Amino acid sequence: QVQLVESGGGLVQPGGSLRLSCAASGFTLSSYYMSWYRQAPGKQREFVARITAGGTTNYADSVKGRFTISRDNAKNTVYLQMNSLKVEDTAVYHCNAQRNNADYWGQGTQVTVSS
């Protein structure tokens, strides 16, 4: 059974850091494009970051220089390190795996940035 399970969300003050994890089961994520998306209340889901099978990364302009996506193929897990968090980063963060016709999503983890 294919599954993506996110963890690591929570409440953090502006300027703080969090590291999100996305653990995959039922498939090997090393050959997939792995991405993070987020959805804030009342807004559409938006792209945050992506890492290709070859390790190339790209980021939304809003998080560039603050967020880092990485993968540990041995643990079948992808991460999102989030630094210098802002109130506007508050959202549910979802993990996504894509390859050819396969498109898998996790249930999401809540990140709240508030003082």
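The values are calculated or read from the model by the stated rules, or taken from the named source; none is laboratory data. A quick note: this is a predicted structure, and the numbers were derived from the prediction, not measured. Cβ atoms come from the backbone with ideal geometry, glycine included; neighbour counts cover every protein chain shown. Keep in mind that these areas ignore ligands, DNA and RNA; they rest on the heavy atoms of the full protein, side chains included. Shrake-Rupley method; radii C 1.70, N 1.55, O 1.52, S 1.80 Å.
Data for the structure
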| read-out | value |
| --- | --- |
| Per residue accessible area of the chain, 1.4 Å probe, in Å² | 52 Å² |
| Solvent-accessible area, 1.4 Å probe, carbon plus sulfur percent, for the chain | 44 percent |
| Loop-exposed trypsin sites (Lys or Arg not before Pro) per DSSP, neighbour cap 16 Cβ within 10 angstrom, longest uninterrupted part of the chain | 1-42 |
| FRET efficiency for Ala74 and Asn101, using Cβ-Cβ distance with R0 set to 22 Å, rounded to 0.05 | 0.25 |
| Electrostatic dipole magnitude of the chain [Cβ: Lys, Arg +1; Asp, Glu -1; Cα centre; debye, to 20] | 120 debye |
| Rounded to the nearest 10 Å², the accessible area of Tyr33 at probe 1.4 Å | 110 Å² |
| Where a label projected 7 Å from the Cα of Arg19 along Cα→Cβ would reach, residues of the range 41-70 with amide N under 16 Å | 67-70 |
| Scaled radius of gyration (Cα, divided by 2.2 N^0.38 Å) that the chain gives | 1.00 |
| Nearby aspartates and glutamates by direct alpha-carbon distance to Lys64 (threshold 16 angstrom, same-chain neighbours under 8 apart not counted) | Glu46, Glu88, Asp89 |
| Positive-pole candidate from Leu4, Ser31, Tyr93, dipole of the chain, charges at beta carbon | Ser31 |
| Cα coordinate range in the range 14-61, projected on the principal axes (Å, largest first) | 33, 22, 22 |
